[in-house]
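Here the structure comes first, spelled out in structure tokens, and everything after it is commentary.
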Amino acid sequence: MTAFLEFDHLRVDVPTPMGPRPVLRSVNLAIAAGEAVGLVGESGSGKSLTARSVLGLLPGGATIAGAVRFRGTDIGTLDAAGLRRLRSREVAMVFQDPRATVNPVRTIGDFLTEVLRERGMSRSAALALAGGILADIGVDDVPRRLKQRPYELSGGLLQRVVIAAALAGEPALILADEPTTALDVTTQEEVVAILDEQRRQRGTALLFISHDLELATAVCDRIAVMYAGEIVEILPAKSLHEEARHPYTKALLRARPGSVPPGERLQIVPGTPQSGIEAPPGCVFADRCPVVEADCRTTVPLLVGGVACHLEVP
Amino acid sequence: MTLALAAPLRLPARRLAALGWASSLAGLICALVVLIAVFAPWIAPHDPNAVDPLNAYAPLSAAHPLGTDDLGRDLLSRLILGSRTSLAGPLVVIVLSGATGTALAVSAAWIGGWFDAAVSRVLDILFAFPGLVLAITVAALFGAGFLAPVVALSLAYVPIIARVMRAAALRERSLPYVEALRVQGFSGWHICRRHLLPNLAPLLVVQAAISFGYAMIDLASISFLGLGLQPPAADWGLMIANGQPSILAGFPQQSIAAAVAVVITVVAFTVVAERMAAR
Amino acid sequence: MIGFVGRKVAAMLGTVLVASFVIYGALYLAPGDPASLLAGGHEMSPAALAAIRAQYHLDDPFLVQYWQWLSGVLTGHLGDSLVFREPVAHLIGARLLNTVLLVAYASLLILGVGVGSGIVAAVGGRIADTAVTVTTTVLMAAPAFVAAIVLIWIFATKLSWFPVYGSGTGFGDRIHHLTLPAVALSAGYLAYLSRITRAEVRAELGSDHVVAARARGVRRAAILRRHVLRNAAAPVLAVSGITVAGLFAGTAIAEQAFGVSGLGSLLVQSAARQDLVVVQVIALLLVAAFVLVNMLVDVVNAILDPRLLRAREVG
């Protein structure tokens, strides 16, 4: 059976003055239709690039090895028309900062209906559809909103508009790249709740990118932990605490507020976050791992049984 | 975040190196032009005003490397002497407009209120006069020559410099150290003179340096129009205009040589100024 | 929006009014007797000077004189040039068309070629980018009078495609005659605008909202038109407006260099002969045109980018 979405030994190199260097080393992950997977890790771990690779949105000059397959089709083999079809009909993306990702000089209505109208839908039908979705996700005064421009809306409201635009195309998969990071704390939960509720109702799969483990566990079925361009552990969201085996996952869990009794000092992950470019050649986490062994520095551990760690090989 | 990570790595190192090379060359040209202007009478091979009608329109030769003009005057000598007024004009413009503009800007930013509003309105009005129009009008009132266009242009450049300096002075004024000095009982005059102005000086130098190139073009334009220095003075703008009839006669040297001198000098000074601004 | 336009128009009228006051008042800053200044420095008999004093109300209080002059300008009674011995209105009327055509021609070149080449440089690949960048680097260093000299040199002695002197008669002939002046006038601005356009289009191409539009599967042509060019339009227009406004002053150089009979060359010739009656009117006209174009640009810009409107209304 072909997987719904599958990253198969995906490697992405970007040009640097020292020649091409990997930002993604070897990403392996399969997502089922209708499933929600959280992709969690520190800045620079390659989470965004992983999500963007599904849409073929790689930085200029990047080279790709391995494959991303959506419903059995290798994204890398798609031509421009095929990519456009994929982007406009099957996979939608919600970016981090709605202020930056919505064209500031066009109206909300233009933004919501742009893709629908390119498909040949009439202006009034597209506006009716988009307005319906806005009302569904709790936006009031819809006719006025459609005529407003981005700067007239709050960040939380604008992110709802972005989510509505993603839903309007009736995609089978939504990629959400830290959709709440740019919002203030009170609106974060609302926006995540809307995303969660809507995708459950519609049976849409979700790849949810976050550096916030708590948030990811709340909306996802499984969690994939990423470090320096590799997925180091995949495990069910429900049993994250009990089943975490990779030293990095454990360190992340300890670094969350609420993981230690009140009054005690919060633990941090020792060392500084690394990208795929800087990480050591063996196990990517070897430099910061508290239980590192000689073998870790020379041999790349394989992702077996949900974890990529030499110490966890049965 | 991945894009942000990749971006600084993609800065083309070669381009930066090329820029350094160009700005060194520009700096060298600036120094050379200034030296030529200072020592012009000693460098010039001939008397720039020595008329020799029998030798008019002489071609390029060892005695006259750029040939001679319609009156037989040595073009190279005139070009060398011309550098003096061509540089002195813009220099006076940036000194006058820089001093006036900064004084207005700092006092407007410091005093604030109605004074600031009034200064801003005056600058707006001044902005409505294109430099060239102002200079031509002033030349009409006071007669053509060196001084009238230079003063007019200084006036036209005041709002350009004052706007930048006012914004900077407002920013500087709101910094905590100014408040701290006030609390310690220093007078506004003292704070402006000893702290505010020295901190604004680098910005002023950059602004003035950038304006220098523009002032040079504007003054050369006015000379070209015949409203600046009058013949027989050797001035680049004037040389371009005076050489124009000779072009039709097939002797373009005078105009072209003076035009090249203007362009090279302006470009060199602007490159150096941009380099200073980037730092 | 209407309030915004209203305030802009009011500010423009205020500026022009103050400018007219300054231009007229400058007569009294100049050394010497205003009557002999108005006479263009000619030696005049006391009787003739008295006639001038009467004609220009020079014995009235300053504000009354100014009002007489201003109402004359507003009603088209511009007075007589004592140098050309002709009514100023005739002098200007005969030359206005050439100058307007020249400015329009140069503006078209700047907007068409400047903006066009900037867009091509930004999206047309490496070779187009290099070609445009090299050309604009050379052109940007060329002030109008240098461009004029080079063009005269080329077209007077090497090629004879365009006339290098005179204004021509009839529309087609005028355009033919105005080609070189328009090119000389616009060259530097054109290069500058090409650079600005390239930078703005580049910045928009790399912006997050364009990446997001690509991620949504919007067609490339639609992204270019609706998101890149549309968003780059406001800053590009702002700069074009400033350059076009600057063209009015630049006509003095282009017209003088190519012997075009227009307002710019009239201003220069009048200034050289100290014909203040003419200089005052033309200076006021050029200032008014400059302020008017700047105001139009502000308004169009506010329509193109409503964020500016709000920022200004708040601030």
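The values are calculated or read from the model by the stated rules, or taken from the named source; none is laboratory data. From a predicted model like this one, the values you see are computed outputs, not experimental measurements. Cβ: placed from backbone, ideal geometry, glycine included. Neighbour counts: every protein chain shown. Please note that ligands, DNA and RNA were not included when accessible areas were found on the heavy atoms of the full protein model with its side chains. Shrake-Rupley method; radii C 1.70, N 1.55, O 1.52, S 1.80 Å.
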Self-check item: Residue tally, condition out of contact with any strand residue (DSSP E or B) (no Cβ under 6 Å at 6 or more places or on another chain) and either within 10 Å of another protein chain (Cβ to nearest Cβ) or on the phi > 0 side of the Ramachandran plot (or both), over the stretch A:84-141
Solution: 28
Quiz item: Could you give every pair whose Cβ atoms fall below 9 Å, whose first residue belongs to the stretch C:76-89 and is under 15 Å from C:LEU263 (Cβ atoms) and open to solvent by less than 30 Å² (accessible area, probe 1.4 Å), and whose second residue is charged (D, E, K, R) and outside any strand (DSSP E or B), counting only separations of at least 6 or pairs across chains?
Solution: C:SER81/C:ASP275
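One line per residue, one yes/no per condition, for (1) over 18 Å from the mean Cα position of the chain (by Cα); (2) touching a residue at least 12 places away in the same chain (Cβ under 8 Å); (3) within 13 Å of another protein chain (Cβ to nearest Cβ):
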position: B:LEU132; (1), (2), (3): no, yes, yes
position: B:ALA139; (1), (2), (3): yes, yes, yes
position: B:SER154; (1), (2), (3): no, yes, no
position: B:VAL178; (1), (2), (3): yes, yes, no
Practice problem: Working only within the stretch A:224-257, note down all residues that are among the polar types (S, T, N, Q) and under 27 Å from A:ALA65 (Cβ atoms). | Solution: A:THR249
Quiz item: Within the stretch B:223-240, restricting attention to residues that are in contact with a Gly (Cβ under 7 Å, 6 or more places away or on another chain) and within 8 Å of another protein chain (Cβ to nearest Cβ), which residue is surrounded by the most Cβ atoms within 10 Å (Cβ to Cβ)?
Solution: B:PHE224
Practice problem: Could you tell me whether A:VAL105 is at pLDDT 90 or above and farther than 25 Å from A:GLU35 by Cβ? | Solution: no
Quiz prompt | Residue ID - farthest from A:MET121 (Cα to Cα), chosen from residues in the stretch A:158-193 that are at pLDDT 85 or above and among the small types (Gly, Ala, Ser) | solution = A:ALA193
Quiz item: Is one or more of the residues making up the stretch C:254-263 over 24 Å from C:TYR105 (Cα atoms), open to solvent by 10 Å² or more (accessible area, probe 1.4 Å) and either at the interface with another protein chain (Cβ under 10 Å from one of its Cβ atoms) or touching a residue at least 60 places away in the same chain (Cβ under 8 Å) (or both)?
Solution: no
Quiz item: How many residues, within the stretch C:192-217, are under 18 Å from A:THR101 (Cβ atoms), open to solvent by 10 Å² or more (accessible area, probe 1.4 Å) and either touching a residue at least 40 places away in the same chain (Cβ under 8 Å) or not in a helix (DSSP H, G or I) (or both)?
Solution: 4
Exercise. Could you list, in sequence order, all residues of the stretch B:178-201 that are at negative phi and outside any helix (DSSP H, G or I)?
Key: B:GLN184, B:PHE186, B:SER187
Quiz item: Can you find a residue in the stretch B:118-129 that is assigned to a loop (DSSP other than H, G, I, E, B), free of Cβ contacts under 8 Å to residues at least 60 places away in the same chain and in contact with a helix residue (DSSP H, G or I) (Cβ under 9 Å, 6 or more places away or on another chain)?
Solution: yes
Practice problem: Search the stretch C:171-191 for residues that are farther than 20 Å from C:GLY116 by Cα and pair each with any residue that is open to solvent by less than 10 Å² (accessible area, probe 1.4 Å) and not in a helix (DSSP H, G or I) when their beta-carbon atoms are under 6 Å apart and the residues are at least 6 apart or on different chains. | Solution: C:PRO181/C:VAL260
